[in-house]
Amino acid sequence: MRRGCQWTLVLLLLSGCSGAPGGSSSPAAGGAGTPATPAAPAMLESMQPAAARAFLAAHPDALVLDVRDPEEWDDDLGHIEGARQIPLPQLSARMAEIAAWKYRPVVVLCRVGVRSQQAAELLIASGYQQVIHLEGGMEAWRKSEGSAAGR
């Protein structure tokens, strides 16, 4: 019987006890009300407008995050219906507003793709798991649609 206790101890040690409650020492493991972190590391993905349209149609819960300045929101390019606007210079300070999408898809765009690339990298660095950069921004989005539909 003593031998059985030794094996139990060995198995417990080999099972990865970390000393932390719940058996995980990772801060990303989450606390009360925090969803479990996906097993795969977060990666930044880029999409052309046609692929992004298909993705958004298949993922209606995705956040479309427009990081252009306020005066660009209703300019000649307009904006994507349902998008949320947070200008890039304000994104770090306003991250709490989009915290619900930390583990859900976020499609990031700007006018031509430069600011949105920076914003997407900031989101990834902040732990967002499903970040998609819209290549070419609103200019490419409008050119690809061939009409003013979706404004």
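Read the figures in this text as sums done on the coordinates, not as results from a lab. What you see is a predicted model, and the numbers here were worked out from it, not measured in a lab.
So here's what we get for this one:
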quantity	calculated
Residue-by-residue Karplus 3J(HN,Hα) for the stretch 78-95, coefficients 6.51, -1.76, 1.60, Hz, glycine and proline x	x, 8, 7, 3, x, 5, 10, 9, 9, x, 3, x, 9, 4, 4, 6, 10, 4
Mean Cα-pair separation over length for the stretch 68-118, i.e. relative contact order, pairs under 8 Å, 6 or more apart, %	36
For S46, distant residues with modelled amide H under 5 Å away	H133
Rounded to whole Hz, the Karplus (6.51, -1.76, 1.60) HN-Hα couplings of the stretch 48-53, x for glycine and proline	6, x, 4, 5, 5, 4
3J(HN,Hα) from dihedral phi, the stretch 101-111, Karplus parametrisation 6.51/-1.76/1.60, rounded to Hz, x for glycine, proline	9, 4, 10, 10, x, 10, 9, 10, 8, 9, 6
Potential extension, E45-Q85 segment - 0.36 nm per residue separation minus Cα distance	12.4 nm
Long-range amide H partners of Q85 with built H, under 5 Å	D66
